[in-house]
Amino acid sequence: NDSLVLTGKGGGRSRLDSPRPDRRPPSGDRPSVSMSWPGIWRQCMCMGVRESKQVDPGSEMRTQANPTLARAIPCISASEQEKVDELLSSLEPHEQHQLLHEEPADIHHPLFLARLLHGHGSVPAAVTACKEMLAYRKEYDGLISRARKRIPVDIEAFDRHFTFCADTAPFEHVGLCLEAGARDGMPTSVIALSTFSVDGWNTWPDENMIEYFVSVLEQYSVILHNVSLKHNFMCKMCEVRDCSGMNTLPFLRNPFAQMKKFKTIIPIVKNYPEFLHRIVLFNSSHSMCRLVEMFEVLLRRWFASWFSDNAGQFENDYAKIRLIRAGDWEAVAACLHASCIRASAESVVSNSTTGVVQAGAMAYSCAWLTRGSAANWQCSSQGTEGEATFQALFFPARGGVVRLGDGAAAGMHRAAS
């Protein structure tokens, strides 16, 4: 399967026409695999978690004494398992009870505790973080329980329909499984920042925002747990952002005022350690690059308070940000699957049908081509206000990009593979 994406950029009245070819999604786009979650612990005596046959992953996963030896966990080394056991034994009895008897399987699994160790760099720091995480989950127990009831047990890709208050979020949020998102082989979350409303963000009620992000993060936890155990590695999320059309001016003028909302979210997000694999910011303008550099200073302060025992954590996480300049479609194709580029384009297609493309923004018209099918395409501009720059591009599913035409032009392309 191959994908065709047509893009137009500039201010002025523009038109991007594409046909209506076979739009059937590629087979295997989102596989559904049912799996159980055995959580395995060793603390003085071997302990095992019963396999859950319930649909709700948020249901209590009770532990029981098990005289058999604990099985090895492929995505955790033996030394990490020993540190995880040390972490567990350092908790107070009531904290151990909450973790092992009251929290869902993906939270009390050794893999999640290994994430704490990776993020905080030492057992003492991870113990402190675990205690704070348990206090957070106790405080938000009602919200977390409600969120968990919506999450399918076998979920492997983010779906905003299972979150709370998605209709109030000031942006569009799309999820893709690891075969369809970034080429790193990680589940992917996509937000086209042209759908982001600064006014909507500033006026978003804190209650709604908290409900949304807690339900998103709980869903992330189940997704990463499922994919990690299925493929035997510590899976993380790749966050992809199309920066075209993002109004950076309010952030550049008064960054501290815009950060008020982030200060509300940060105490929540830090309870989900090592969830981020990479942030890909493509179609980045010069002002977006300046914005990222400016926020580096603020992020460094936060990381110093979050990871006091892991001095290199900021450099590790900041290095995960990949900036791709606007128009560098070769770099985009090398980083993202064609289906991911398509998902981003389709999330803003409603903004591309007004006939007017704002200065600095991009309008998209896209179509997915099955093998052997063809599409006739045309790019044209109407009116005299401003200039529109057109590009017709084809992204093969195997990778790379084929440039079909620049400027006002028309043609036909057939997907050969």
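Decide, for region 174-262, between rounded, prolate and oblate: order the square roots of the alpha carbon gyration tensor eigenvalues as a ≥ b ≥ c, take rounded if a/c falls under 1.5, and otherwise choose prolate if a/b is larger than b/c, else oblate.
Details: a/c = 2.87, a/b = 1.76, b/c = 1.63.
It is prolate, given that a/c is not under 1.5 and a/b is the larger ratio.
To the nearest 0.05, how large is the calculated FRET efficiency for S287 and S122 if R₀ is 35 Å and r is the Cβ-Cβ distance?
Working: r = 39 Å, r/R0 = 1.12.
Rounded to the nearest 0.05, the efficiency is 0.35.
Give the long-range amide H neighbours of R322: residues separated by 5 or more places, or on another chain, with amide H under 5 Å away, using H modelled in the peptide plane at 1.01 Å from N.
Under 5 Å from the amide H of R322: I279, V280, L281.
Send over a whole-number figure in Å² for the accessible area per residue of region 205-276, probe 1.4 Å.
On the way: 2560 Å² over 72 residues.
Heavy-atom accessible area per residue stands at 36 Å².
What distance in nm lies between label points placed 7 Å from Cα along the C-beta direction at T370 and M412?
In this crude label model, T370 to M412 measures out at 1.9 nm.
Between T264 and N232, what is 0.36 nm times their sequence separation minus the Cα-Cα distance? Round to one decimal in nm.
Numbers: separation 32, 0.36 × 32 = 11.52 nm, distance 3.42 nm.
Value of the extension gain: 8.1 nm.
Using alpha-carbon positions, what is the distance between the centroids of region 159-205 and region 245-264, in Å?
Taking the Cα centre of region 245-264 as reference, the centre of region 159-205 is 18 Å away.
Using 29 Å as the Cα-Cα cut-off, could you pick out the over-long pairs in K83/K260; K131/K320; K230/K260; K230/K263; K236/K260? Please report the intermediate quantities before stating the final value.
Details: K83/K260 37 Å; K131/K320 27 Å; K230/K260 39 Å; K230/K263 35 Å; K236/K260 27 Å.
Violating the 29 Å limit, Cα to Cα: K83/K260; K230/K260; K230/K263.
The values are calculated or read from the model by the stated rules, or taken from the named source; none is laboratory data. All figures in this text were calculated on a predicted structure; none of them were measured in a lab. Reconstructed Cβ throughout: ideal geometry from the backbone, glycine too, with neighbour counts over all protein chains shown. Ligands, DNA and RNA are excluded from the accessible area calculation, which covers all protein heavy atoms including side chains. Shrake-Rupley method; radii C 1.70, N 1.55, O 1.52, S 1.80 Å.
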